[in-house]
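Everything below concerns the one structure shown next.
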Amino acid sequence: MARKPLIAANWKMYKTPAQAQEFVTAFLPLVANHDRDEIILFPSTTSLSVVVAAASGSNVAVGGQNMYFTDEGAFTGETSPVMLKAVGVTHVLVGHSERRHYFCESDEIVDKKLHAAFRHGLKPIVCIGETLEQHEKGQTHDVCLRQIRDGLKDVTAEMAKTLVVAYEPLWAIGTGQSATPEAASEVHAIIRDDIARMIDEETAINTRILYGGSVKPDNIDALMVKPDIDGVLVGGASLDPQSFARIVKYC
Ligand code: PGA
């Protein structure tokens, strides 16, 4: 089974529902009939319903940027997997570095959220990656392996059919300084080897591994050439429909 490339937009805490609607209206015609790649938008929670409705029937899927791991309860401010499903969302980001860094999400919480996503049939994109300090100390591989091992505990081959991993080095996020395609690809190969050891070879071959961190229209082509880079998770450059459409249409 060939890995279909996946191009995802992480809008973070940007765009009101009206601005999100405006984006989708402008973006859909730019990617009409584009089926080489899977396209997913991750708007903020308040824009999910609007984006689901605006993208309905199109080639663009919608995901939540975060969720809690229980179905309901006294967890002020949180959104449950059941709620995401109810608004028509199909995907969810789990363990984005901003969640880990600013909101103290541990690998253990990431693992719980991942299993909650599987239980509810939400397709997860699990984010991993090292800090600048870890990068400079040469700990990239160790950090990614730990995050994979602790964040993907008890994931079976069956569950992993919908799993996507995103390698996002923290020093590259929002800095304009992307990892080189060679460096990203090398880390992806190591992640894939580890998935083979943790689950099995077939799962490793079929699991898509995305790169994220300062992906732009001017570096996407070089990244997507690499066989181990199966797509990208884009922050800043996904906020503008023209810019994100150019990324989707990499060559
Ligand atoms: P960036 O963000 O493209 O703005 O670097 C990527 C991400 O955080 O997913």
Can you list the HN-Hα couplings for segment 144-159, worked out from phi with the Karplus curve (6.51, -1.76, 1.60; θ = phi - 60°), rounded to whole Hz and with x for Gly and Pro?
5, 5, 5, 5, 5, 5, 7, x, 10, 5, 6, 7, 8, 4, 5, 4
When only DSSP loop residues count, what GluC sites (Glu not before Pro) in segment 146-221 have their Cβ near at most 12 other Cβ atoms within 10 Å?
Glu158
Pop out the carbon and sulfur fraction of the accessible area of the chain as a percent, whole number, probe 1.4 Å.
54 percent
Along the dipole axis of segment 6-248 (charges at Cβ: +1 for Lys and Arg, -1 for Asp and Glu; origin at the Cα centre), the most positive-end residue among Ala9, Leu223, Ala53 is Ala53
Probe 1.4 Å, all chains present, heavy atoms only: Thr25 accessible area in Å², nearest 10, is 90 Å²
Taking amide hydrogens as modeled 1.01 Å from N in the peptide plane, which residues meet the under 5 Å criterion relative to Gly231, leaving out close sequence neighbours?
Leu6, Tyr211
Could you give me D for segment 47-93, from Stokes-Einstein at 20 °C and 1.002 mPa s, where the hydrodynamic radius is the Kirkwood radius over C-alpha pairs? Units µm² s⁻¹, please.
192 µm²/s
Based on a Kirkwood Rh over C-alpha pairs, give the Stokes-Einstein translational diffusion coefficient of the chain at 37 °C and viscosity 0.692 mPa s in µm²/s.
182 µm²/s
Under the rule of at least 5 residues apart or a separate chain, name every residue whose amide H is placed under 5 Å from the amide H of Ser44.
Tyr14
Before I look further, what does segment 6-248 give for accessible area per residue, probe 1.4 Å, in whole square angstrom?
44 Å²
Long-range amide H partners of Leu93, meaning residues 5 or more apart or on another chain whose placed amide H is closer than 5 Å, are Gly64, Gln65, Asn66, Ile125
Convex hull projection area averaged over all views, segment 87-224, Cα basis, nm²
8.6 nm²
For the chain, what is the charge dipole size about the Cα centre, in debye to the nearest 20, if Lys and Arg each add +1 at the Cβ and Asp and Glu each add -1 at the Cβ?
580 debye
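The values are calculated or read from the model by the stated rules, or taken from the named source; none is laboratory data. Owing to the predicted nature of the structure, the values given are computational and were not obtained by experimental measurement. Quick reminder, even Gly has a Cβ in these numbers, built from the backbone with ideal geometry, and neighbours come from all protein chains shown. Keep in mind that these areas ignore ligands, DNA and RNA; they rest on the heavy atoms of the full protein, side chains included. Shrake-Rupley method; radii C 1.70, N 1.55, O 1.52, S 1.80 Å.
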